[in-house]
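Single-structure report; data block below.
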Amino acid sequence: MPPPTRSLKARGSALAAPGEQVRLLESPNGQPRFDAMLAGARLAPLRATGITVFQINVGKLCNQTCGHCHVDAGPDRAEVMTQATAEACMAALARTDIPAVDITGGAPELNPAFRYLVEESRRLGRRVMDRCNLSVLLLPSQGDLGGFLARHRVEIVASLPSVVPSQTDAQRGAGVFDKSLQALRVLNGLGYGCDGSGLVLNLVTNPVGAFLPPAQPSQEAHFRQRLAHEHGIVFNNLYTITNMPISRFLEFLIRSGNYEGYMERLVNAFNPVAAAGVMCRYTLSVGWDGRLYDCDFNQMLDLTLAHGAPAHIRDFDPSVLHARRVVTGNHCYGCTAGSGSSCGGATA
Amino acid sequence: METYYHPKDLGHFADMGKGNPALWEKFMAYYGAVFAEGALTEREKALIALAVAHAVQCPYCIDAYTQACLEKGSSVEEMTEAVHVTCAIRGGASLVHGVQMRNVATKISM
C-alpha cells in the first residue's frame, strides 16, 4: 500500500467529495444495510447514552500523507480551526462536566489554537488526549512540543501501525518508522510511558491493508516485547483500530480491487456487542469549522448531527445532545466488526 | 474463463454440511477447538495452518490463512518464513529419499 504523496483533494479525485463516498457506500451491493443489522440487534435507532468525550478535530493540515487517512489530511490541506472557533469549543465545554477532551486532526499540534485548547481544557480540569503522528515532534517548529505536553499532563495517543519498519512505512510514508521511534525515545525521555511518571503514552495500530486488526491484548504484548527488546521503548497501552472504508483507505480499497471483499469481511464480522459499545454513543465530535458530528468518521463524510440536534458549536445544548439520535450509514460497519473499534481501541 | 477453482467458492464451504449435517457439525466443532487458544496461541496456529496450506497447495486455505495470519498480527516476513519451512520440509523430504537411491545403486553396482 504505497501511500499517496498528496491528498485526494489536491489530486482532484472524485473521492475527495464526501457525497461521492456516501453514494458508493450506500449503493446496494447485496449486503445488508447497517441500519437493518442494528435493528436485528435491537439497537435501532441508535442513541447516545451521554457525552464523556469531547473530540475536537482542529483541521486537515498534517506533515504526513498516510495511505489509510480517513481525514484526507496532508501538507496540502489548509482547513484549520480558528481561534474564535476554539474559544467557542471551550465555552461549550465549560458548560458541561464532560471529563475528557480528545484533540485530533491532521496533526493537531500544527494548529496555532492547539496549545490554547490544551491549556484551557486543563484549566477546566479535564483529561486531555493528543492524537499524535509522532513525526510532528521532530519538526524544527515543534522543538518544545514534548515538554509542553508533559507540563500539561496531556495523554498522548500515538500512531504506530507496525513494529516492522517496511509495514509502517508502507502505510505512513518512507522513513516514518525511524522518525516514529526517534519521537518515542524523546517521549520516553520525558517520562511518557514510564512507570510512576503518570504521563500516559498509548499507541494506536491500524492494519496495513484490507483486513481486520489482531486481538488487542495479544498485539499489545507483541508490540511491548518487540519495542522493549529491539529498541528500548516503553508505552502504556496499545489500541487496535479498524480501517474505516472512507476517504484515502476507500481509494486504496477500490484501486486494489479489495472494496467488495473488505465490506463483506466487515459485514460478516458484525458484532452486536461491539455495536452496543460504539464510541458515537458517548462522544461529541466538533469539526474545524465548528460543525457538530457523532464521530470523526461522520465528520469526514459531512454527516452532521441530525434528528433535531444542533449542528454547530454556537448552538451547543448539552441537554439535547446527551440523548441524541446518532446518524449511521454503511461505513459504521467499520466500528462494529470483530472486537469492535473506537478511538480507544477494541470495544468488545 | 472456466476454472476448477473459484475464489467465491470459499464462501460456500458450509454447503458441504448439506450432504451430511451430522458429520459437518462434528468436523466444525473439532476444527474450532483445534484453532482455539491453547498451549499454542491462535497466531502460532494460523502460521502452522498457512505452512500446511502451502504443503497441500490448497488455494482456498492459502487465501483464508493469509488473511487469518494478518488478522492475528503476523507480518509478511513471518509468513514468508513459515512458507520457507514448508519448502524446506518438502525439499528435504525429496532429498532424504536420495538415501534410498544410494542404497539401491550401491546394492546393484559393482
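Taken over segment A:114-167, the residue count meeting the criterion of being of a type in the set (S, T, N, Q) and over 21 Å from the mean Cα position of the chain (by Cα) is 3. Go through the residues of segment B:49-63 one by one and say whether even a single one is under 20 Å from A:S339 (Cα atoms) and open to solvent by less than 30 Å² (accessible area, probe 1.4 Å). No; the residues of segment B:49-63 include none that is under 20 Å from A:S339 (Cα atoms) and open to solvent by less than 30 Å² (accessible area, probe 1.4 Å).
A:I246 passes every criterion in (1) surrounded by fewer than 24 Cβ atoms within 10 Å (Cβ to Cβ); (2) in contact (Cβ under 8 Å) with a residue 60 or more places away in the chain; (3) not acidic (D, E) apart from (1).
Count of segment A:96-119 residues, restricted to those that are in contact with an Asp or Glu (Cβ under 9 Å, 6 or more places away or on another chain), acidic (D, E) and without any contact (Cβ under 8 Å) to a residue 60 or more places away in the chain, is 1. If you go through segment A:1-48 and keep only what is among the hydroxyl-bearing types (S, T, Y) and under 21 Å from the mean Cα position of the chain (by Cα), you end up with A:T5, A:S7.
Restricting attention to helices (runs of 4 or more DSSP H) lying wholly within segment A:1-120, give those where 1 or more residues are at pLDDT 95 or above, under 30 Å from A:Y262 (Cβ atoms) and aliphatic (A, V, I, L, M). Outline the logic, then answer.
Details: elements: A:18-26, A:34-40, A:83-94.
Answer list for segment A:1-120: A:18-26, A:34-40.
Screening A:A170, A:A174 for residues that are of a type in the set (A, V, I, L, M, F, W, C), open to solvent by 10 Å² or more (accessible area, probe 1.4 Å) and touching a residue at least 60 places away in the same chain (Cβ under 8 Å) leaves exactly one candidate, A:A170. Here segment A:72-85 is the region considered, the condition is being of a type in the set (A, V, I, L, M) and surrounded by fewer than 24 Cβ atoms within 10 Å (Cβ to Cβ), and the residue that is nearest to A:A174 (Cα to Cα) is A:A78. Would you pick out the residues in segment A:226-235 that are open to solvent by 10 Å² or more (accessible area, probe 1.4 Å), in a helix (DSSP H, G or I) and either under 21 Å from A:L149 (Cβ atoms) or more than 12 Å from every other protein chain (Cβ to nearest Cβ) (or both)? Result: A:A228, A:H229, A:E230, A:H231.
Applying a threshold of 9 Å to beta carbon distances and a minimum spacing of six or more residues, or different chains, the list of pairs starting in segment A:196-217 at a residue that is away from every other protein chain (no Cβ under 14 Å) and ending at one that is open to solvent by 30 Å² or more (accessible area, probe 1.4 Å) and aromatic (F, W, Y) reads A:N202/A:Y239; A:V204/A:Y239. Across segment A:99-131, which residue is nearest to A:A73 (Cα to Cα) among those that are open to solvent by less than 40 Å² (accessible area, probe 1.4 Å) and small (G, A, S)? Ranking the qualifying residues of segment A:99-131, first place goes to A:G106. Considering A:V22, A:V53, the condition of being hydrophobic (A, V, I, L, M, F, W, C), in contact (Cβ under 8 Å) with a residue 24 or more places away in the chain and open to solvent by 30 Å² or more (accessible area, probe 1.4 Å) is satisfied by A:V22 alone. Scan segment B:53-71 for residues that are under 21 Å from B:I89 (Cα atoms), within 12 Å of chain A (Cβ to nearest Cβ) and in contact (Cβ under 8 Å) with a residue 24 or more places away in the chain and the total you get is 1.
For segment B:9-110, which helices (runs of 4 or more DSSP H) that fit wholly inside it have 1 or more residues that are touching a Gly at 6+ places or on another chain (Cβ under 7 Å) and farther than 24 Å from A:V208 by Cβ? Steps first, please.
On the way: elements: B:21-35, B:42-56, B:59-71, B:76-96, B:98-108.
The helices (runs of 4 or more DSSP H) meeting that bar are B:21-35.
The values are calculated or read from the model by the stated rules, or taken from the named source; none is laboratory data. Remember, predicted model here, so these are calculated numbers, not experimental data. Note: ideal-geometry Cβ built from the backbone for every residue, glycine included; neighbour counts use all protein chains shown. The protein model used for the area step is the full one, side chains on, heavy atoms only, and it has no ligands, DNA or RNA in it. Shrake-Rupley method; radii C 1.70, N 1.55, O 1.52, S 1.80 Å.
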